[in-house]
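Undergrad: Dumping the structure here so I can ask a few things about it.
The values are calculated or read from the model by the stated rules, or taken from the named source; none is laboratory data. Source: prediction; values computed, not measured. Every residue, glycine as well, gets a Cβ built from its backbone with ideal geometry; the counts of neighbours run over all protein chains shown.
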Amino acid sequence: MSNSDGFVIVGAGLAGAKAAEALREQGFQGRLTLVGNERHRPYERPPLSKGYLTGGAERDSVFVHGESFYAEHSIELRLHSAATRIDRAAHRLALADGTELGYDKLLLTTGSEPRRLPIAGSDAAQVHYLRTLDDSEALKVLMTPDIKLAIIGAGWIGLEVAAAARQAGAEVTVVESAELPLLRVLGPEVARAFADLHRGHGVELRLKTLTNRIITSGGVVTGVELHDGTSVAADAVLVAVGVEPRARLAEEAGLKTGNGVVTDESLATSDPDVFAAGDVANAYHPLLATHVRVEHWANALKQPATAAASMMGKPASYRELPYFFTDQYDLGMEYVGYVEPGGYDRVVIRGDLEAREFIAFWTSGNRVLAAMNVNIWDVVDDLKALINSRAGVDIGRLADPRVPLGELTGA
């Protein structure tokens, strides 16, 4: 490998920033460039729908590193610089301003972007999406008691914003096509707990219905018209109907793609000099024996160390189980593991589902595939060990809070 061009990272979010940090920590001393299309230095996204949105966290707390970090570690940070083309043969990356960067190794941490809602009125003023710091700051202005907020989509982002808005006193209606919030992720057994949580805090849930159009007057939102013929009055609308991986750059470069950028367990793509990490990476997971793309903070935080090692030619394999968390009202939870929608036999509940103090286990046969602890803490390591063991468990003991989690394997 030549030392002239160095390493280039495309995508200046959490994954990109942590990859640059990991490369320096692991001894890479060559030229290192981090390219991002936003005007802000790298920041974390969970606070955008949680602490920062609610006012519980200061703005500076969202940034991955302090302002001086990049210069101190000889990381060239190129913001407001969209990457437009990868020339794999020449090992060059073109930017929107007409400049090109040579690279020896290239890491794609381009993340994901919100799905747009292709309906009438979706371009009106006060129609919001939530992905960036600027998006969060625009929504933050709406966190007041005199606002009527309609949220289209009852996934994690939609529900977290609903909780933040209700805590600020806003009137909130959530419109969801499925029978329950989070149904595809959690299944009906646990999804009901989130429906009850939000109804109990005054959110109106309009379930099993689609949005026909966003009603406007003079180009400004006044409500949402639903397929059942009813309408919801609204001063603002949040569209939260999922995200898509930003894989076009890779696809146009001829890399193998499919639900993101396809990588092996070392996070190498179909080109041995190009790697991917974070939301955009559809990575082979050796424990799960399948490719998995995870759109959560822990992946963006932890995958970069593996990618950095691989870029430097060191043996590396990403084996962390998927993990995410949420905070809504008085409910805090952590989820670890991986289950395809409908890919489980049963959900076993340990604790009190109605009181929202429980652990839910998604099982197949007598093996635990994933687990979620709700308002029960300091158990994630035990849950990871249980899932990673791939051992059979006694379902009765699994449901019994008196049985220590560490004693559940070996059924």
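Undergrad: Limited to the stretch 50-75, what total is found for residues that are crowded, with 16+ Cβ neighbours inside 10 Å and out of contact with any Gly (no Cβ under 9 Å at 6 or more places or on another chain)?
TA: 9
Undergrad: When only residues in the stretch 96-105 that are assigned to a loop (DSSP other than H, G, I, E, B) and in contact with a strand residue (DSSP E or B) (Cβ under 6 Å, 6 or more places away or on another chain) count, which is modelled with the lowest pLDDT?
TA: ALA96
Undergrad: If you go through the stretch 170-200, how many residues are surrounded by 20 or more Cβ atoms within 10 Å (Cβ to Cβ), free of Cβ contacts under 8 Å to residues at least 24 places away in the same chain and closer than 14 Å to GLN328 by Cα?
TA: Within the stretch 170-200, residues that are surrounded by 20 or more Cβ atoms within 10 Å (Cβ to Cβ), free of Cβ contacts under 8 Å to residues at least 24 places away in the same chain and closer than 14 Å to GLN328 by Cα number 1.
Undergrad: State whether the residues of the stretch 28-36 include one that is closer than 26 Å to ALA94 by Cα and free of Cβ contacts under 8 Å to residues at least 24 places away in the same chain.
TA: Yes, there is a match, as at least one residue in the stretch 28-36 is closer than 26 Å to ALA94 by Cα and free of Cβ contacts under 8 Å to residues at least 24 places away in the same chain.
Undergrad: Of the conditions (1) basic (Lys, Arg); (2) in contact (Cβ under 8 Å) with a residue 24 or more places away in the chain; (3) in contact with an Asp or Glu (Cβ under 9 Å, 6 or more places away or on another chain), ARG92 clears all except one; give me its number.
TA: (2)
Undergrad: With respect to ALA276, is the statement that it is at pLDDT 95 or above, closer than 19 Å to GLU244 by Cα, touching a Ser or Thr at 6+ places or on another chain (Cβ under 9 Å) and not β-branched (Val, Ile, Thr) true? Write out each step before concluding.
TA: Details: at pLDDT 95 or above: yes; closer than 19 Å to GLU244 by Cα: yes; touching a Ser or Thr at 6+ places or on another chain (Cβ under 9 Å): yes; not β-branched (Val, Ile, Thr): yes.
Taking the combined requirement at face value, the residue satisfies it.
Undergrad: Answer yes or no as to whether ASN366 is within 25 Å of THR326 (Cα to Cα) and touching a residue at least 40 places away in the same chain (Cβ under 8 Å).
TA: Working: within 25 Å of THR326 (Cα to Cα): no; touching a residue at least 40 places away in the same chain (Cβ under 8 Å): yes.
In short, no.
Undergrad: Just give me the residues in the stretch 13-39 being farther than 14 Å from MET311 by Cβ and in contact with a Ser or Thr (Cβ under 8 Å, 6 or more places away or on another chain), in sequence order.
TA: GLY13, VAL35, GLY36, ASN37, GLU38
Undergrad: Moving on to the next point. Determine, yes or no, whether GLY219 is within 30 Å of ALA120 (Cβ to Cβ), touching an Asp or Glu at 6+ places or on another chain (Cβ under 9 Å) and in contact (Cβ under 8 Å) with a residue 40 or more places away in the chain.
TA: yes
Undergrad: Next up: Give the stretch 401-411 a look and list any residue that's touching a residue at least 12 places away in the same chain (Cβ under 8 Å) and either surrounded by 13 or more Cβ atoms within 10 Å (Cβ to Cβ) or within 30 Å of the chain's Cα centre (by Cα) (or both), or say none.
TA: PRO401, LEU405, GLY406, LEU408, THR409, ALA411
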